[in-house]
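The values are calculated or read from the model by the stated rules, or taken from the named source; none is laboratory data. Please read all numbers here as calculations on a predicted model, not as lab measurements. A quick note on method: Cβ atoms are made from the backbone with ideal geometry, for glycine too, and the neighbour counts reach across all protein chains shown. SASA here: full protein model, heavy atoms, side chains in, ligands and nucleic acids out. Shrake-Rupley method; radii C 1.70, N 1.55, O 1.52, S 1.80 Å.
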Amino acid sequence: MTDLADVKKAGASIGRPVERIEDLRLLKGQGRFIDDLRRDGMLHAAIVRSAVAHGRIRAIDASAALKRAGVHAVITAREIMSAMNGIVPTIPLRSDAVAGIEPFQQPVIAHAKVRYVGEPMAVVVADNPALAEDAVDAVALDIEPLPVVADWSAAEKNDVRLFEGQPSNCALVVSAIRGDADSAFRDAPYTRRERLSVHRFTAMPMETRGLLGEWDQARKKLTLLGVTKAPFLCRRILAKQMGIAEADIDMVEGDTGGSFGVRGEFYPEDFLIPFAARHVGRPVKWIEDRREHFIATNHSRQADCELELACTRDGTILALRGRVHTDAGAYVRTNGVTPARNIGQVSSGPYRIPHVLMNVSLMLTNKTPVGTYRGPGRFETDFFRERLFDIVAADLGIDRVEFRRRNLVPESDMPYPLATCLGGATECDSGDYRMTLDRCLAEFNWSEKTRLNGKLIDGRYHGVGIGCYIEGGASGPREGARLVLESDGTVSVYTGSSANGQGLETVFTQIAADALGMPMERIRGVFHGSTAHVKEGFGAFSSRSVVMGGSAIVVVAGKLKEAIRGAAATRFGCTPEEIAAIEGERAVASDGRSISWAELAARTPGGLFAEGSFASSKRTYSYGAHAAHIAVDPRTGHIELIDYVAVEDVGRIINPETLHGQALGAIVQGLGGVFLEGLVYDEQGQLMTGSFADYLVPTATDFPNIRVFALEERPSPNNPLGAKGAGEGGIIPVGGVIANAVAAALSSLGVQPRELPLSPPRVWQLIQEARG
């Protein structure tokens, strides 16, 4: 492994607040998003979706739609089965794959039954989007309604089975175990149990999903544009489904208007659009509208938890135990197990808890399936834990900050193992958790602001809240990179990581420049995501891009330097050991002869390049503390965020500006989930909040007072950059911090928030119930 000191030698780029180099192109309207792309002879697809949450398909009649001018095809399960040897492919798990989940995987198109509103039933292909949409309405659907399982408690009763032949509506129970929690609870001097819940909401990227499929009949090759996040992994799934070799599929990533975990997973459309292109023999494009995004793209978060804490009377935590039910929706999709795993495995957070037992049930309901959304499972489990901590501290008569401080994992215990889950073990790699807590308290001026707790000032109750967290990132196993020395001496960087709008091109340019000892201006470009760029790639998820992709660049930069050294030795007729230096974009022999990198590249047959990967099975764990000051209007239930402070240690900061943007944006997303957002269903499985008229998202003026302090005190020992994943940490503690602040503000009324969201009607109701 390349040493961190080697990367720091140039030190000219890493650590600088460089403006995002991709922004100029985007601000000038030169971005290439999926809907910008056109192809000769291109057709357009629209999806026929079920309006019934649970039903048996009697018939699909496409005859009227096919008679419409400009309609080229209507593809149903029948057409797919005809082309696929009588089967409809299902979507396998991409991450956290476990045996026994196969019966609950989603078919790429509904056949026999529909199980949620929005499930694809047919694909219409027409000359333009308007014709396709009109033809969708002409497809006649005959669905026999079946009883609807509207929530996890109904699913648990098993009166209605979503999948015939299965013993229950519980797809899986995920257990996270450390020590012997049951024994610790039997002998504990103090225990407390609370029931807490988080509602269903999801990410709302600026750009919805979209795909453009092209089939080359002569070469039997498929090109799919519009992919993001995990192109290589999705290619593997698609190749198996369509019976095509992976090498015959090119996944092409362009500019992406946000992902946040929901975009870039394998959805039914990721099969249906390329299948349609092959079926009609012409390019086919599909763009998801916002209504489709609400009902078809992964939801997340919804979980109900009975959580118990066992302590000594002085507040030393002995054990944590919980039973959680997550509403997984109608199917277990590609990463649908990940939130449940994280709820269990990260339940102890940054605290030393010797005994942990968390059982998390994935309950199937007639709702849109769930997946990952920024901080999946971690947002929920942090709310559960931090809310319970405040309740327990008050019960024991211990200051809530002191309760946390005395239970934080000390630096001397690093690396610190978390609970084992799904057979996998992980450990916090490094950190001084008390340091970030103390820094947060100081920046927030906690000692002064805590005096406001419960005070009624100008008709509003004031309160402050605190919470600590860890963020696991840098999922392995590998990431690939290829560096090419061009004939003009510039370097092109190709990476298997994906750009979802997080500034990847900028930070990778900084890393490559320092690793090669050259100015950023000499990095020609960063080419990302597409499967043709590198032999192997994995993508952007779980805050892995800088750690895995950036480290791959460092490793391959070392190989490129050795290739330069070898080429120079060949040029001078000496051994590589006689090349004294290759700094400053020149190779210098021990006898003083020198040659520029550019000339070497131009004169080397086949050019100069290097390719390789960085491999690691060890995750990184950034960590921090957040504090909030809020004011509650008891007449309306409205909460104003007066001040919010976040302190995080990310190991090593590549670019302070992009990091600040990531943290700030994540906090605002968390606040939106706490105060504004919610996916509400009725008893018939119909989504009641399916537009921005009902589903509110934060705007730039909603939360103006957020301060973020990023530190790099404890580098990770697990990668050459010393970096830790930091793209999700900002959102993780928000729910618990705000709920704790609300409890402090309304302490005189005895209000104890135990569920999210904390929307004005919900808070007003809590106040009325307390007064009544």
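Does ASN335 satisfy the condition of being part of a loop (DSSP other than H, G, I, E, B) and either open to solvent by less than 10 Å² (accessible area, probe 1.4 Å) or at pLDDT below 95 (or both)?
In short, yes.
What's the number of the only condition in (1) open to solvent by less than 10 Å² (accessible area, probe 1.4 Å); (2) touching a His at 6+ places or on another chain (Cβ under 8 Å) that MET358 fails to meet?
The failed condition is (2).
Among the residues of the stretch 713-736, are any part of a loop (DSSP other than H, G, I, E, B), at pLDDT 95 or above, touching a His at 6+ places or on another chain (Cβ under 6 Å) and surrounded by 21 or more Cβ atoms within 10 Å (Cβ to Cβ)?
So far as the stretch 713-736 goes, yes, one or more of its residues are part of a loop (DSSP other than H, G, I, E, B), at pLDDT 95 or above, touching a His at 6+ places or on another chain (Cβ under 6 Å) and surrounded by 21 or more Cβ atoms within 10 Å (Cβ to Cβ).
Filter the stretch 583-596 down to residues that are out of contact with any Asp or Glu (no Cβ under 9 Å at 6 or more places or on another chain) and aliphatic (A, V, I, L, M) and give me whichever is farthest from ASP488 (Cα to Cα).
Across the stretch 583-596, the extreme among qualifying residues is VAL588.
Would it be correct to say that LYS28 is modelled with pLDDT under 95 and either closer than 20 Å to LEU131 by Cα or open to solvent by 20 Å² or more (accessible area, probe 1.4 Å) (or both)?
Considered against the rule, which asks whether it is modelled with pLDDT under 95 and either closer than 20 Å to LEU131 by Cα or open to solvent by 20 Å² or more (accessible area, probe 1.4 Å) (or both), LYS28 comes out as yes.
Within 29 Å of HIS626 (Cα to Cα), assigned to a loop (DSSP other than H, G, I, E, B) and at pLDDT 95 or above, is that true of GLY454?
In short, yes.
Please work out if ARG544 is free of Cβ contacts under 8 Å to residues at least 12 places away in the same chain, among the basic types (Lys, Arg) and crowded, with 17+ Cβ neighbours inside 10 Å.
No: the conditions fail for ARG544.
From the list PRO107, PRO89, pick out the single residue that is touching a Ser or Thr at 6+ places or on another chain (Cβ under 6 Å) and surrounded by 14 or more Cβ atoms within 10 Å (Cβ to Cβ).
PRO107
Restricting to the stretch 211-263, what's the tally of residues that are farther than 19 Å from PHE275 by Cβ and in a loop (DSSP other than H, G, I, E, B)?
14
Right, ARG16: in a strand (DSSP E or B) and open to solvent by 50 Å² or more (accessible area, probe 1.4 Å) or not?
In short, no.
When the stretch 470-492 is examined, which residues are found to be open to solvent by less than 10 Å² (accessible area, probe 1.4 Å) and either part of a strand (DSSP E or B) or of a type in the set (A, V, I, L, M, F, W, C) (or both)?
Narrowing the stretch 470-492 to residues open to solvent by less than 10 Å² (accessible area, probe 1.4 Å): 470-474, 479-481, 483, 485, 489, 491-492.
Across the stretch 470-492, the qualifying residues are ILE470, GLU471, GLY472, GLY473, ALA474, GLU479, GLY480, ALA481, LEU483, LEU485, VAL491, SER492.
Does at least one position in the stretch 399-416 carry a residue that is assigned to a strand (DSSP E or B), open to solvent by less than 10 Å² (accessible area, probe 1.4 Å), in contact with a Leu (Cβ under 8 Å, 6 or more places away or on another chain) and farther than 25 Å from VAL117 by Cα?
Yes, there is a match, as at least one residue in the stretch 399-416 is assigned to a strand (DSSP E or B), open to solvent by less than 10 Å² (accessible area, probe 1.4 Å), in contact with a Leu (Cβ under 8 Å, 6 or more places away or on another chain) and farther than 25 Å from VAL117 by Cα.
State yes or no: is PRO720 under 22 Å from SER13 (Cα atoms) and more than 21 Å from the chain's Cα centre (by Cα)?
yes
I need every pair where a residue in the stretch 743-763 that is farther than 19 Å from LEU641 by Cβ has its Cβ under 6 Å from the Cβ of a residue that is hydrophobic (A, V, I, L, M, F, W, C), sequence separation at least 6 or different chains.
Every condition considered, the pairs that remain are LEU749/ALA770; GLY750/ALA770; GLN752/ALA743; ARG754/LEU196.
Considering only residues that are open to solvent by less than 70 Å² (accessible area, probe 1.4 Å) and either over 17 Å from GLU471 (Cβ atoms) or hydrophobic (A, V, I, L, M, F, W, C) (or both), which ones fall in the stretch 423-437?
Selection gives GLY424, CYS428, MET435, LEU437.
Of a type in the set (S, T, N, Q), touching a strand residue (DSSP E or B) at 6+ places or on another chain (Cβ under 9 Å) and either over 30 Å from GLN502 (Cα atoms) or modelled with pLDDT of 95 or more (or both) - does that describe any residue in the stretch 225-238?
No; the residues of the stretch 225-238 include none that is of a type in the set (S, T, N, Q), touching a strand residue (DSSP E or B) at 6+ places or on another chain (Cβ under 9 Å) and either over 30 Å from GLN502 (Cα atoms) or modelled with pLDDT of 95 or more (or both).
Identify the single condition in (1) among the hydroxyl-bearing types (Ser, Thr, Tyr); (2) open to solvent by 10 Å² or more (accessible area, probe 1.4 Å); (3) within 22 Å of GLY722 (Cα to Cα) that THR495 does not satisfy, given that it satisfies every other one.
Condition not satisfied by THR495: (2).
Limited to the stretch 647-668, what total is found for residues that are out of contact with any Phe, Trp or Tyr (no Cβ under 7 Å at 6 or more places or on another chain) and either among the small types (Gly, Ala, Ser) or open to solvent by 30 Å² or more (accessible area, probe 1.4 Å) (or both)?
10
Would you pick out the residues in the stretch 656-692 that are in a loop (DSSP other than H, G, I, E, B), of a type outside the set (A, V, I, L, M) and out of contact with any Gly (no Cβ under 7 Å at 6 or more places or on another chain)?
Within the stretch 656-692, GLU677, GLY678, ASP682, GLU683, GLN684, GLY685, GLN686, GLY690, SER691, PHE692 meet the criteria.
Restricting the search to the stretch 345-401, which residues are in contact with a helix residue (DSSP H, G or I) (Cβ under 9 Å, 6 or more places away or on another chain) and of a type in the set (D, E, K, R)?
Result: ARG352, ARG374, ARG378, GLU380, ASP382, ARG385, GLU386, ARG387, ASP390, ASP399, ARG400.
Here is a list: VAL751, VAL742, VAL674, VAL697. Which entry is over 26 Å from GLU411 (Cα atoms), open to solvent by less than 70 Å² (accessible area, probe 1.4 Å), hydrophobic (A, V, I, L, M, F, W, C) and in contact with a strand residue (DSSP E or B) (Cβ under 8 Å, 6 or more places away or on another chain)?
The unique qualifying residue is VAL742.
Out of THR604, THR575, THR570, THR620, I need the residue that is under 26 Å from the mean Cα position of the chain (by Cα) and among the polar types (S, T, N, Q). Which one?
Being under 26 Å from the mean Cα position of the chain (by Cα) and among the polar types (S, T, N, Q) holds for just one of THR604, THR575, THR570, THR620, which is THR620.
Scan the stretch 504-517 and tell me whether some residue there is part of a loop (DSSP other than H, G, I, E, B), charged (D, E, K, R) and either open to solvent by 10 Å² or more (accessible area, probe 1.4 Å) or not assigned by TED's automatic domain parsing to the domain that holds PRO717 (or both). If you could, list the steps in order and put the result at the bottom.
Going through the stretch 504-517, the residues part of a loop (DSSP other than H, G, I, E, B) turn out to be 517.
When the remaining residues are screened for being charged (D, E, K, R), the result is none.
Looking for residues that are part of a loop (DSSP other than H, G, I, E, B), charged (D, E, K, R) and either open to solvent by 10 Å² or more (accessible area, probe 1.4 Å) or not assigned by TED's automatic domain parsing to the domain that holds PRO717 (or both), one finds none in the stretch 504-517, hence no.
Kindly establish whether ASP382 is under 20 Å from ALA176 (Cα atoms), of a type in the set (D, E, K, R) and open to solvent by less than 10 Å² (accessible area, probe 1.4 Å).
yes
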